1. I'd like the residue in segment 110-164 that is out of contact with any Leu (no Cβ under 8 Å at 6 or more places or on another chain) and among the basic types (Lys, Arg) and, out of all such residues, is farthest from LEU52 (Cα to Cα).
2. Could you check segment 59-70 and list, in sequence order, the residues that are aliphatic (A, V, I, L, M), surrounded by fewer than 18 Cβ atoms within 10 Å (Cβ to Cβ) and more than 12 Å from the chain's Cα centre (by Cα)?
3. Between a first residue in segment 131-154 that is over 21 Å from GLU67 (Cβ atoms) and a second residue that is β-branched (Val, Ile, Thr) and not in a strand (DSSP E or B), which pairs have beta carbons less than 6 Å apart while being 6 or more apart in sequence or on different chains?
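All of the numbers you see were taken from the coordinates with simple rules; none came from a lab. Everything numeric here is computed off the predicted structure, so don't read it as measured data. Because the Cβ atoms are built from the backbone with ideal geometry, glycine has one as well, and the counts that use them run over all protein chains shown.
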Amino acid sequence: GGVSRPSPAPPGPPPRHNSILYNAFDEQSAVDPRRPVMGRGAPVLGDEDPSLTVTTNVALTKEQKKEFMLAASSMVAAKLSKPESYVVVVVHDNVDMLWGRSDAPAALCQLVSLGGINLENNKAVSAEVSALLGGFGIPADRIYTEFRDVARENMGYNGATFGG
């Protein structure tokens, strides 16, 4: 019995799909001893955990992604009146994407939240996301943003759900 070693990575270029996850937990503690918890740690008070996922066919540098994610995180927290410590922003760039048979710059975005999804907030977020993505040459008329208000029992966190 020898020691099992992992197989080396397959030869060839790395996958074309790049993804970076920015989670405000990296820079702020999400633990608040004044906040009651239920289950195995899901917060009880307030509707937290908004996440913004952006998928685009534009190739971005690591610095561009980080700058976008920081700006988007602050914007989502402000527009939805949520603590930024719960905001998650994900960027999938350089993906194969056609819009109207064209591979010109485009983006699909999804904002998921427990509460805070309403016409006023959606319009404000859509405008801000379009402005931020415009900085990468993506025109507003080639950006779709889906807004999803998730029921508390349908969102898991820390081994429990927000619904109990």
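1. ARG142
2. ALA59
3. As it stands, the answer is PHE147/ILE117; ASP149/ILE117, since those pairs meet every condition given.
Condition check ((1) among the charged types (D, E, K, R); (2) in contact with a strand residue (DSSP E or B) (Cβ under 6 Å, 6 or more places away or on another chain); (3) more than 13 Å from VAL76 (Cα to Cα)) across all residues:
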residue	(1), (2), (3)
LEU108	no, yes, yes
LEU119	no, no, yes
ASN122	no, yes, no
ALA127	no, no, no
LEU133	no, yes, yes
ILE138	no, yes, yes
ASN154	no, no, yes
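Residue-by-condition table, conditions (1) under 23 Å from VAL150 (Cβ atoms); (2) buried (at least 18 other Cβ atoms within 10 Å of the Cβ); (3) touching a residue at least 12 places away in the same chain (Cβ under 8 Å):
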site	(1), (2), (3)
VAL91	yes, yes, yes
ASN94	no, no, yes
GLY100	no, no, no
ALA104	no, no, yes
ALA107	yes, yes, yes
GLN110	yes, no, yes
SER113	yes, yes, yes
ILE117	yes, yes, yes
VAL125	yes, yes, yes
